[in-house]
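The structure appears below as structure tokens.
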Amino acid sequence: MRTDIFARLDREPEPPKIEPPRMSRHRIALFGGTLAFYIAIVVAVLVSSWLVTLDWKVMLFRPYQQWPEIHAFLDYYVVLGQRGPTATMVACWLGWRSWRQHTLRPLLTLAAALLLLNVTVGAVKIGLGRLGPHYATQIGSAELFAGGDIFPSGHTANAVVTWGILAYLATTPRARRYLSAMSAIVSLGVGLTTVYLGTHWLSDVLLGWAAGLLIMLGLPWVEPLITRAEAWIFNQRELLGLGRPAPVPSPAGAPVTAGGPRTVALPQQDGGEIPVRSLAPEPVAAGGRPRAHAPHLARSERPPVTPAGSRRPPHADRTPRGGTTPARPVAGG
């Protein structure tokens with residue numbers, strides 16, 4: 001039984017690739033519209049507008065008391081928006097793709113998206129300091145600058161980015177459409193689940209959707225940085241000698257090993273040897289054993305064929321060709 005299954009998988013054809021999304025006019029328009037929606041929600045909460053009133057109406061409705069039969073299921077479903085489990089699952093899948101396609105772009109793209117998510121969402125959470133529904137102190141208040149950290153919803157934004165990265169890195173347009181729909185459904189469900197459980201205001205979820213969508217729409221601007229980071233990592237690997245070793249030429253006079261260059265001495269007609277000629281290495285079959293047949297030589301490199309010995313009986317007066325003829329005695333002298 002063969003055990004080199006990973007080597008065989010590594011030699012399989014790479015899946016088809018498509019170019020990463022670019023910042024087209026349509027994408028820039030979506031980015032601008034989403035950014036305007038993001039700013040409008042922040043302003044509506046800051047001024048305690050009708051959106052804050054809606055937050056309180058939904059919270060006082062207490063959905064978890066209206067439909068208690070689905071509470072157990074939604075407790076597990078909301079895990080699809082938690083950073084640790086989802087990032088680990090997606091990173092394992094993208095790591096497999098990186099190994100199969102011999103590129104670090106999937107993993108680096110995920111890392112860049114999560115880093116942007118931490119910086120942008122975390123900064124707004126800490127800056128506004130909003131309290132959650134379970135910790136609210138005054139009815140009708142926006143509960144801002146009170147030391148909280150729920151605005152925008154991290155679960156919702158993380159669901160948009162973590163599952164949306166699969167659609168962003170899809171290798172076919174069809175897969176990208178299906179994964180985009182799946183990401184939208186999952187993130188929508190996670191956001192509404194946090195409202196049902198009473199852990200977030202409705203406006204938290206709206207801002208979380210906008211925050212995650214802004215990161216996904218702006219990722220093409222980060223692609224040049226990802227490309228440079230990948231090239232730098234590969235260069236460092238080569239400098240550290242972690243890549244494939246380069247073939248080292250054998251020094252003169254070193255013993256010949258299987259598969260390496262070998263030299264032969266061809267016999268000459270007068271019993272000597274012609275100068276040593278370097279021939280191509282012997283082909284090696286599976287298992288490391290050299291093939292039995294000799295390498296093919298060009299006609300100009302073949303040695304002259306001479307018989308091993310003369311069939312004529314030896315004669316005292318006979319000399320080989322090219323030799324010096326001994327002097328014969330002169331008769332009568």
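The values are calculated or read from the model by the stated rules, or taken from the named source; none is laboratory data. Just so you know, these numbers come straight off a predicted model, no measurement behind them. Backbone-built Cβ (ideal geometry, glycine too); neighbour counts: all protein chains shown. Ligands, DNA and RNA are excluded from the accessible area calculation, which covers all protein heavy atoms including side chains. Shrake-Rupley method; radii C 1.70, N 1.55, O 1.52, S 1.80 Å.
Computed with a 1.4 Å probe over protein heavy atoms only, the accessible area of Met89 comes to about 100 Å².
Is region 42-190 best put as rounded, prolate or oblate by its Cα gyration tensor, with a ≥ b ≥ c the root eigenvalues, rounded for a/c under 1.5, and otherwise prolate when a/b is larger than b/c, oblate when not? All intermediate terms of the calculation are to be shown ahead of the outcome.
Values: a/c = 2.56, a/b = 1.81, b/c = 1.42.
The shape class here is prolate.
Taking all Cα pairs closer than 8 Å and separated by 6 or more residues, the relative contact order of region 89-244 comes to 26 percent. What is region 111-168's relative contact order, in percent, from Cα pairs under 8 angstrom and six or more apart in sequence? It comes to 37 percent, rounded to a whole number.
Would you tally the net charge around Ile165, using a Cβ to Cβ cut-off of less than 12 Å, leaving Ile165 out, and scoring K and R as +1, D and E as -1? Walk me through the numbers on the way to the answer.
Values: positive: Arg97, Arg105, Arg176; negative: none.
Local net charge: +3.
Expected output is a single nm value to one decimal: the length gained when fully extending between His71 and Thr171, i.e. 0.36 nm times separation in residues minus the C-alpha distance. What is it? Can you show the working numbers first?
Working: separation 100, 0.36 × 100 = 36.00 nm, distance 3.72 nm.
The His71-Thr171 span can extend by a further 32.3 nm.
What percent do you get for the relative contact order of region 25-156 when only Cα pairs under 8 Å and 6+ apart count? Answer for region 25-156 is 23 percent. For Trp209, the accessible area of its heavy atoms, probed at 1.4 Å with every protein chain present, is near 60 square angstrom. Kindly state, to the nearest 0.05, the FRET efficiency for Trp50 paired with Thr103, given R0 = 41 Å and r defined as their beta-carbon distance. Taking R0 as 41 Å, the efficiency between Trp50 and Thr103 is 0.25.
For region 46-141, the share of accessible area belonging to carbon and sulfur comes to 69 percent (1.4 Å probe, ligands and nucleic acids excluded). Direction-averaged projected area, Cα convex hull, region 129-224: 6.9 nm², rounded to one decimal. Using 0.36 nm times the number of residues separating Phe61 and Ile126, minus their current alpha carbon distance, what extension gain do you get? Stretched fully, the Phe61-Ile126 segment lengthens by 20.6 nm.
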